[in-house]
Amino acid sequence: MKMNTTVQHVTDRIIMRSQTTRRDYLERMDAARAKGVARGHLSCSGQAHAYAAADEDKARLVGEGAGNLGIVTAYNDMLSAHQPFESYPALIKSAVREAGGTAQVAGGVPAMCDGVTQGEAGMELSLFSRDVIALAASVALSHNTFDAAVFLGVCDKIVPGLVIAAQAFGHLPAVFLPAGPMTSGLPNDEKARVRQRFAAGEVDRAALMEAEMAAYHGPGTCTFYGTANTNQMLMEFMGLHLPGASFVTPSTPLRTALTAEGAKRALSLSALGDSYTPVCDILSEKAFVNGIVGLNATGGSTNLLIHLIAMARAGGILLDWEDFAELSEVTPLIARVYPNGLADVNHFHAAGGLGYMIGELLGAGLLHADTKTVAGTGLAHYTQEPTLASGTLSWQAGVGRSLNDKILRSVADPFQPSGGLARLSGNLGTAVMKVSAVASEHQIIEAPVRVFADQNDVKAAFKAGELTGDLVVVVRFQGPKANGMPELHSLTPVLSILQGRGQKVALVTDGRMSGASGKVPAAIHVCPEALDGGMIAKLRDGDVLRVDATTGVLEVLTAGVESRPASIADLGQNQHGVGRELFAAFRNAVGAADTGASIFGE
């Protein structure tokens, strides 16, 4: 199938834009790989320190002929998505020994849950945790004793942070090993209804707690299509998972077999063998374009419009929001998973899942078919699905058709002709919006604004009955430099209630709204942010704002706003408590959202 001309044009533009930075990066990776087996350069004392606790693996490690696999894990048992990783190191070591190699846990990285910290002070550390994870993973691998690596991570900032670190060690092969989604519990739409009823004062906290516990009830990733599951999609579209690995539930024989095979595959790709495939060769410009197409086709999380930019820059590839917007225009939305529909990711996987989607998009010329992956050259590997028969893992052709057209559709009969993400720009700056769940009649609003500097003030105004008529709720001083750019997802029930009353309502913010943003239009990641003197800092109550996702407009219609002095917020309360005082250096160094909101430079 001939490549779609827009996809090819955007890819060529990214390659040209990134020419210098990508060349410099690849030269560094070439120099690193040329040094050969890393641990061979260690002193005898250094090697003895590295092998002292290796027990039965010591002889293989000293001999240097067997590959040594580094395990970087985000295990903790507070996150349901990461609790299954507790048993992975032992499983990986056993699998690698069978293949004649060795494995060691190189180190652990933190993993926080945005679901726990929503609306809390800890959320102000959430975005920064991505770069902490990248730093921690780099420390783990800096011992330079590994021939390949596996990365154990799932959730929102963890996978992007691990990818950034993997690219810093891009001369090494790497396989990402997921834990899988929890089994389906209380339907997500029913959970959302209970949240709205609680926000409206119609049910008590006991009813809310019962619903939440029924929805989040066991090990595995949350089952809605938020940032965590968008990460899993990306790892398949970009070739760092084994095919079909993303949405196999924990503690099943197939999940165990995929984990063992992923570890073996990582070592098989090392420079010690004949199939050397380092991360720097997999994560090419084409791979990132494939990831953006997947993001649009699935209506994925808006957080990835920040993370993908940061992930790409770690490999010398320069993306911008224009790339996302142009790809969205030609990418049909062919999946509806909550909050973009009623199905959860288990239903999505059963209906044909990522294998079906990749096959459809390849057939339409919307994906680059010739990318390198951990499964071999060619994205067609990812149209296959894993099976386990008599203890033997193999891959076979996927279903080739949707088994439920309310969840998955063909490119020829999509849910909507363009992707689930929109870029907005105008005199207020630049922003993004997830539109895959926003009805067409709600994608345009022109209304006066109510301006807030804290999401709790929005909730208080709602409870006081102040949010009447059509309005645009502006929540500013929520950018990365101001307070770490927290998600404002806890505003979703309030805004949904207003919309349900027949009001036209939208959110505009320099903060984030998360992959769970739903039916209310939310222009987020506004750049420049308020603390940088962006126009959003000059708005006053009553100014009229136009938010139009159909034409990509974010415009202040009130005259004279640009000549006003920028408002100044008291951010003192955001500087201390729950560790925030330790992140002052991050707030001072972080870049803008449209460059990845990273501390690693523009």
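Checked against the criterion of being in contact with an Asp or Glu (Cβ under 7 Å, 6 or more places away or on another chain), in a helix (DSSP H, G or I), crowded, with 22+ Cβ neighbours inside 10 Å and not hydrophobic (A, V, I, L, M, F, W, C), the candidates Gly316, Gly355, Gly359 yield just one match: Gly355.
Answer with yes or no whether Leu408 is on the phi < 0 side of the Ramachandran plot and not assigned by TED's automatic domain parsing to the domain that holds Glu236. Answer is yes for this residue.
I'm trying to understand the selection: among the residues of region 374-405, which are at negative phi and polar (S, T, N, Q)? Correct list: Thr377, Thr383, Gln384, Thr387, Thr392, Ser394, Gln396, Ser402, Asn404. Only strands (runs of 3 or more DSSP E) whose full extent lies in region 490-602 are considered here, and the ones with at least 3 residues that are within 30 Å of Leu135 (Cβ to Cβ) and not hydroxyl-bearing (Ser, Thr, Tyr) are 522-527. Criterion first (in a loop (DSSP other than H, G, I, E, B) and within 30 Å of Pro278 (Cβ to Cβ)) does Thr373 satisfy it? For Thr373, the condition - in a loop (DSSP other than H, G, I, E, B) and within 30 Å of Pro278 (Cβ to Cβ) - is met. Scanning region 77-129 for residues that are of a type in the set (S, T, N, Q) and either in contact with a strand residue (DSSP E or B) (Cβ under 9 Å, 6 or more places away or on another chain) or more than 26 Å from Thr227 (Cα to Cα) (or both) gives Ser80, Ser94, Thr102, Gln104, Thr117, Gln118, Ser126. If you go through region 129-155 and pick out every residue that is more than 19 Å from Leu308 (Cβ to Cβ) and touching a residue at least 40 places away in the same chain (Cβ under 8 Å), you end up with 11.
With respect to Ala397, determine if the residue is farther than 27 Å from Tyr338 by Cβ, aliphatic (A, V, I, L, M) and within 25 Å of the chain's Cα centre (by Cα). Answer is no for this residue. Is one or more of the residues making up region 453-462 basic (Lys, Arg) and in a loop (DSSP other than H, G, I, E, B)? There is no residue in region 453-462 that is basic (Lys, Arg) and in a loop (DSSP other than H, G, I, E, B).
Scanning region 59-80 for residues that are modelled with pLDDT of 85 or more and either closer than 17 Å to Lys264 by Cα or not acidic (Asp, Glu) (or both) yields a total of 14. Remark: pairs (first residue in region 557-572, touching a residue at least 24 places away in the same chain (Cβ under 8 Å); second residue among the aromatic types (Phe, Trp, Tyr) and surrounded by 14 or more Cβ atoms within 10 Å (Cβ to Cβ); Cβ separation under 6 Å; 6+ apart in sequence or on different chains) = Ala569/Phe477. Can you find a residue in region 529-551 that is of a type outside the set (Gly, Ala, Ser), buried (at least 21 other Cβ atoms within 10 Å of the Cβ), closer than 27 Å to Ala228 by Cβ and not assigned by TED's automatic domain parsing to the domain that holds Ser328? Scanning region 529-551 turns up at least one residue that is of a type outside the set (Gly, Ala, Ser), buried (at least 21 other Cβ atoms within 10 Å of the Cβ), closer than 27 Å to Ala228 by Cβ and not assigned by TED's automatic domain parsing to the domain that holds Ser328. Among residues of region 451-471 being surrounded by 14 or more Cβ atoms within 10 Å (Cβ to Cβ) and closer than 13 Å to Leu495 by Cα, the one that is nearest to the chain's Cα centre (by Cα) is Gln455. Can you tell me which residue is surrounded by the most Cβ atoms within 10 Å (Cβ to Cβ) among those in region 102-124 that are under 21 Å from the mean Cα position of the chain (by Cα) and within 17 Å of Leu152 (Cα to Cα)? Only one residue tops the list, namely Val109.
So if I check each of Val508, Val438, Val472, which one is out of contact with any His (no Cβ under 7 Å at 6 or more places or on another chain) and either within 24 Å of Ser598 (Cα to Cα) or assigned by TED's automatic domain parsing to the domain that holds Ala121 (or both)? Explain how you work it out, then say what you get.
Values: Val438 fails: either within 24 Å of Ser598 (Cα to Cα) or assigned by TED's automatic domain parsing to the domain that holds Ala121 (or both); Val472 fails: either within 24 Å of Ser598 (Cα to Cα) or assigned by TED's automatic domain parsing to the domain that holds Ala121 (or both).
From the options Val508, Val438, Val472, the qualifying one is Val508.
Evaluate the following for Ile292: is it more than 20 Å from Ile358 (Cα to Cα) and not basic (Lys, Arg)? Before the answer, list the steps.
Details: more than 20 Å from Ile358 (Cα to Cα): no; not basic (Lys, Arg): yes.
Taking the combined requirement at face value, the residue does not satisfy it.
In region 209-226 there is no residue matching the filter, namely being of a type in the set (Gly, Ala, Ser) and under 30 Å from Leu42 (Cα atoms). Among the residues of region 31-54, which ones are part of a helix (DSSP H, G or I), under 36 Å from the mean Cα position of the chain (by Cα) and in contact (Cβ under 8 Å) with a residue 60 or more places away in the chain? Residues satisfying the conditions are Ala32, Arg33, Ala38, Arg39, Ala50.
So which residues in region 125-165 are part of a loop (DSSP other than H, G, I, E, B) and either more than 12 Å from the chain's Cα centre (by Cα) or polar (S, T, N, Q) (or both), if there are any at all? First the steps, then the outcome.
Narrowing region 125-165 to residues part of a loop (DSSP other than H, G, I, E, B): 142-147, 153-157.
Passing the criteria: Ser142, His143, Asn144, Thr145, Phe146, Asp147.
Looking at region 334-342, can you tell me whether even one residue there is assigned by TED's automatic domain parsing to the domain that holds Thr259, in a strand (DSSP E or B), under 20 Å from the mean Cα position of the chain (by Cα) and buried (at least 24 other Cβ atoms within 10 Å of the Cβ)? Yes, the conditions are met somewhere in region 334-342.
Do the conditions hold for Val293, that is, is it among the β-branched types (Val, Ile, Thr), in the same structural domain as Met78 (by TED's automatic domain parsing), crowded, with 24+ Cβ neighbours inside 10 Å and in contact with a Gly (Cβ under 6 Å, 6 or more places away or on another chain)? Break it down into steps so the answer makes sense when it comes.
Details: among the β-branched types (Val, Ile, Thr): yes; in the same structural domain as Met78 (by TED's automatic domain parsing): yes; crowded, with 24+ Cβ neighbours inside 10 Å: yes; in contact with a Gly (Cβ under 6 Å, 6 or more places away or on another chain): no.
Criteria not met by Val293.
Out of all the residues in region 141-163, is one or more among the charged types (D, E, K, R) and not assigned by TED's automatic domain parsing to the domain that holds Leu26? No, region 141-163 contains no residue that is among the charged types (D, E, K, R) and not assigned by TED's automatic domain parsing to the domain that holds Leu26. Of the numbered criteria (1) in a loop (DSSP other than H, G, I, E, B); (2) surrounded by fewer than 24 Cβ atoms within 10 Å (Cβ to Cβ); (3) of a type outside the set (Gly, Ala, Ser); (4) in contact (Cβ under 8 Å) with a residue 40 or more places away in the chain, the one Lys481 fails is (1).
Within the bounds of region 405-417, is there any residue that is surrounded by fewer than 19 Cβ atoms within 10 Å (Cβ to Cβ), among the charged types (D, E, K, R) and in contact (Cβ under 8 Å) with a residue 40 or more places away in the chain? Yes, because at least one residue in region 405-417 is surrounded by fewer than 19 Cβ atoms within 10 Å (Cβ to Cβ), among the charged types (D, E, K, R) and in contact (Cβ under 8 Å) with a residue 40 or more places away in the chain.
Tell me, which residue of region 156-201 that is in contact (Cβ under 8 Å) with a residue 60 or more places away in the chain, among the charged types (D, E, K, R) and surrounded by fewer than 24 Cβ atoms within 10 Å (Cβ to Cβ) is farthest from Pro219 (Cα to Cα)?
The first filter runs over region 156-201 and keeps only residues in contact (Cβ under 8 Å) with a residue 60 or more places away in the chain, leaving 156-160, 162-184, 187-189, 192, 195-196, 198-200.
So of that shortlist, the ones also among the charged types (D, E, K, R) come out as 156-157, 189, 195.
From what's left, surrounded by fewer than 24 Cβ atoms within 10 Å (Cβ to Cβ): 189, 195.
On the way: Asp189: 21, Arg195: 22 Å.
The selected residue is Arg195.
The values are calculated or read from the model by the stated rules, or taken from the named source; none is laboratory data. What you are looking at is a predicted structure, and each value in this text was computed from that prediction instead of being measured. All Cβ positions, even for glycine, are placed from backbone atoms using ideal geometry, and neighbour counts span all protein chains on display.
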